1. Placing one identical point scatterer on every Cα of the chain and ignoring solvent, what is log10 I(q)/I(0) from the Debye formula at q = 0.06 Å⁻¹?
2. What do the square roots of 5 times the Cα gyration tensor eigenvalues come to for the stretch 383-452, in whole Å, largest first, as semi-axes of the equivalent ellipsoid?
3. Run the quick spin-label model on A436 and I140: label points 7 Å from Cα toward the beta carbon, then report their separation in nm to one decimal.
4. How large is the charge dipole for the chain, taken about the Cα centre, if only the Cβ atoms of Lys, Arg (+1) and Asp, Glu (-1) carry charge, to the nearest 20 debye?
5. Between I461 and T418, with labels modelled 7 Å along Cα→Cβ, what's the label distance in nm to one decimal, could you check?
6. Take the solvent-accessible surface of the protein heavy atoms, probe 1.4 Å, and return the percent of it on the stretch 254-371 that carbon and sulfur atoms account for.
7. How big is Rg to Rh over the stretch 27-161, alpha-carbon atoms, Rh as the Kirkwood inverse-mean-distance radius?
8. At a probe size of 1.4 Å, how large is the accessible area of I408, to the nearest 10 Å²?
Amino acid sequence: MTIDHPGTPMPAPAPPPSPVSAPALAPERRIGVTGIVFFVVAASAPLTVAAGGIPQSLGVTGILGIPLLYLLVGAVLALFSAGYAAMSRRITGAGAFYAYTAQGLGRTAGVGAAFVALLAYNAMQIGIAGLFGATTSQFIESKTGADIPWWALVLVCTVVVGALGYRRVDLGVKVLAVLLVLEFGTVLVFDIGMFADAPQSVSATPFTWAAATDGALGVALCCVFAAYMGFESAALYSEECRDPRRTVARATYIAVGLIGVFYAATAWAMISGAGTGQATKVAAEQGPEMLFFLSDRSSGLGSAFSDFAQLFLITSLLAALLSFHNAVARYVRSLGREGVLPRGLGALHPRHKSPHRGSLLQTALSVVVIGVFALAGRDPVMDVFTWLTNLGALGVILLLLATSASVIAYFARHRELTEPLWNRLLAPLLSGLALAVFFWLALTNFSVQLGVSAGNPLRWILPCLILAAAAAGVVWGLWLRRARPETYAGIGTGSGAGPRAGAG
């Protein structure tokens, strides 16, 4: 089953259904399971979720059962990961969603997925940069009195992230390892403090079905799902890990389990610390300040902890920026290598063996978009962060849905491949149905996510950007089929005759 038009002459047939591997001109394989888990978990920004995502989920929806929803969404993503892992054992290029969709639903659909992925990941990256600028500016002003514009701090951060992305990927792993240890340690200390100081004792009520459905469930599921953004990025590093057919699957399962359990526990701790009977009220009143409000009044934590937590929130955002930057750079490199984008973008750095041109392109794009928002006088949190991260999350949900369908289609065509029925059909079918519901809920509740009225044009303009990106990709794919059949034949295979490291 493919969307390639039957009336157009087809190029050379696709490669045989043996595992589609990256070409010999690949980056050095330095990363293990632990390193990829660092990149994946960093993208979800645990401290950012604790400080912003959980209070928003509680306050906006009035649902006390947020901890249970974290576990339920994690279960859906574990189902998705079963099919995702099966594909990762067959296709080991850095294109991930793009490559899987091209192999499952057809090359033209694959290019559409690639364009959506580029829009979604760039939107997430630049949106998080806006929050970084606002948070850092506020922290510096509170401690020193210096009033530094948020956009200036974002530009400095963009240069730092770009430099790390330009260099060897294992440097990024080392940086993320340090940042994540600090981040997890901070949230863990907070959780212990909240359970110890629970004013109404620790209750299991947040894990009941009644608590999870008593409120705006659709919005709550969207908020909770957004906390997992980045979990799927393990496959982007398949060309740089030591054993891609095992590492990607293991890293994805570990990341989903770690994120789900950790976030559920942190939400439970926050509810306990605020008092089970008034947690949603406190969240609505305090918003992103809830974590610091609760730690300030805690006998075991106090204001000193709040200061450290604010500092580590900044490093959490930096880690997320580095992770999304790396994801974009690898997508660009994969598309350039196969000729979907200019082939020069597929070059590796002659010394670092990094996708340096994709890194430079993402850095330049961030500078331009941030500059536009700054010149327009837009708010870095309400506009840059809220608009772009919700746009990115919507795009990623659509990509997950397309990937679930791709897994089913791919193994339906290649029945000779030995893959359990659960991985090739049942799990992706169940996850696809659940993701379709999530996408519909996200679309119909988009105005709530943005914090605007239902009649605000942004409510439709931003989702339409996702559809426009998909349509542009499909049109470009159709043009490649007609004008460059050899390039079209290599889409999603990782076998494009891209330039050598340093060439082009």
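The values are calculated or read from the model by the stated rules, or taken from the named source; none is laboratory data. Only a predicted model underlies this, so the values are computations on that prediction, with no experimental measurement involved. In this analysis, Cβ positions are derived from the backbone assuming ideal geometry, glycine residues included, and neighbour counts consider all displayed protein chains. When the accessible area is computed, the model is the full protein with side chains, heavy atoms only, and any ligands, DNA or RNA have been set aside. Shrake-Rupley method; radii C 1.70, N 1.55, O 1.52, S 1.80 Å.
1. Listed by q, the Debye log ratios stand at -0.26.
2. Working: eigenvalues 210, 24, 10 Å².
So the three semi-axes of the stretch 383-452 are 32, 11, 7 Å.
3. 5.0
4. Details: 31 positive and 23 negative charges, 405 e Å.
The dipole of the chain has a size of about 1940 debye.
5. Reported label-point gap for I461 and T418 is 5.6 nm.
6. Carbon and sulfur atoms account for 69 percent of the accessible area of the stretch 254-371.
7. Here the Rg-to-Rh quotient is 1.04.
8. 50
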